[in-house]
1. Any chance you could give the angle, 0 to 90 degrees and rounded to 10, that helix 256-268 forms with the longest Cα principal axis of the chain?
2. What does the accessible area of Glu95 come to, in Å² to the nearest 10, when a probe of 1.4 Å is used?
3. For the range 174-258, calculate the relative contact order in percent as a whole number, restricting contacts to Cα pairs under 8 Å that are 6 or more residues apart.
4. Could you work out the mean projected area of the convex hull around the alpha carbons of the range 2-153, in square nanometres to one decimal?
5. For all pairs of alpha-carbon atoms in the range 170-268, what percent lies in each bin of width 10 Å, listed from the first bin to the last filled one?
6. For a quick check of understanding: with a 1.4 angstrom probe and all protein chains in place, what accessible area in square angstrom does Arg146 have, to the nearest ten?
7. Pairs of Cα atoms under 8 Å, at least six residues apart: use those to get the relative contact order of the chain, whole percent.
8. Specify the angular offset, from 0 to 90 degrees and rounded to the nearest 10, of the alpha carbon long axis of helix 82-96 from the longest principal axis of the alpha carbons in the chain.
Amino acid sequence: MRRVIVGLAGLAVLVVISLVLALAHPFGNPRATTTVATDAPSTLLLEHALMPVEVRSVLRQKCGDCHSTQTRWAWYGRFAPVSWLMEKDITEAQEQMNLSQWESLPDEEIFLLRAEIGGVAKAHVMPPAQYRVAHADVTLTDEDIRVLRDWAHGDVTSKLGESEKTPEDAGPGDAGRGKQVFASRCAGCHTLEQHREGPKLAGVFGRASGTAPGFIYSFALKKAAVKWDEQSLDKWLANPDAVVQMNNMYFHVAKAEQRRDLIAYLKSSGN
Ligand code: HEC
Ligand code: HEC
């Protein structure tokens, strides 16, 4: 009995020492600037970022704890020296890439980070191994890796054969089906009549790129002044980067048939 009490007292002393030591931050103190402390991944992180929803959800759930100021702190993160290691990781991770600032980064930096994210995902080095041990659920699944890589590379290589086909090769698209594809794939960023994250698209067919009044385009797309017709739209939808480098549309449609239908729909929706 006595031994148990002594043991418990010793443990209590250790806990207190550990808590007191955790007040020191030898490797930087990201707690001073991080905000969220709940179990759920932040629903705000990357909310306005231009990226496919699948990518956003992987980055939120599996990368945001270190690479953002919206860290979910685990309970054991209150105890030194674990707290120090976590603070060190988070400080370094934020320096490399802070997803909380994504929306305000210049295009060139986003371009580079996208490529790096694709690289680290493929190499299985992120999230770091020590973190995967503690949180089995943050390991990237094969599907996550595919999502990040396709996004990082604009899916250029795997879809080349498909996107080289011109719409004529396969007959005209169907505007009715195109409307449905639009609703499920484009409506997150575009409507016909109003600017959202992307410009309004009524009358886009036949007009020059980057000219819908009142929308803030990337410099690149405005300057390119691509005339939107069947060919250019097909290429754009297959891989925007292949038409204009450094554009702001982080999205593509892999299926040639869906692109044809979308183009038919855009063509039919006038000014
Ligand atoms: C446990 C914290 C942690 C998590 C979670 C985490 N990272 Fe990191 N990450 C780091 C640290 C620490 C560094 C900087 C040190 C390094 O390069 O190893 C880093 C560096 C990086 C870099 C820069 C790499 C380089 O070579 O310069 C990228 C890109 C990156 N992480 C992407 C990701 C992605 C994508 C995810 C989610 C799939 C992720 N990280 C999840 C801690 C983390
Ligand atoms: C993640 C958000 C997002 C999604 C999803 C998206 N777009 Fe875009 N789109 C944009 C942004 C942003 C721009 C402006 C790009 C720029 O300024 O470089 C744009 C530009 C365009 C343009 C050129 C408009 C012009 O005025 O020059 C067309 C055409 C277009 N998108 C069609 C589509 C279609 C069709 C879909 C669905 C298959 C789609 N987009 C899905 C964000 C998105």
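1. Tilt relative to the chain: about 60 degrees.
2. Accessible area, nearest 10 Å²: 150 Å².
3. After rounding, I find 20 percent.
4. 10.2 nm²
5. 17, 55, 27, 1
6. The accessible area comes out at roughly 110 Å².
7. Details: 354 pairs, mean separation 48.8, N = 271.
Answer for the chain is 18 percent.
8. With rounding to tens, the tilt is 30 degrees.
The values are calculated or read from the model by the stated rules, or taken from the named source; none is laboratory data. Given the structure is predicted, the values throughout are model-derived calculations rather than measurements. Every residue, glycine as well, gets a Cβ built from its backbone with ideal geometry; the counts of neighbours run over all protein chains shown. Remember, those area values only see protein heavy atoms, side chains included, never the ligands or the DNA or RNA. Shrake-Rupley method; radii C 1.70, N 1.55, O 1.52, S 1.80 Å.
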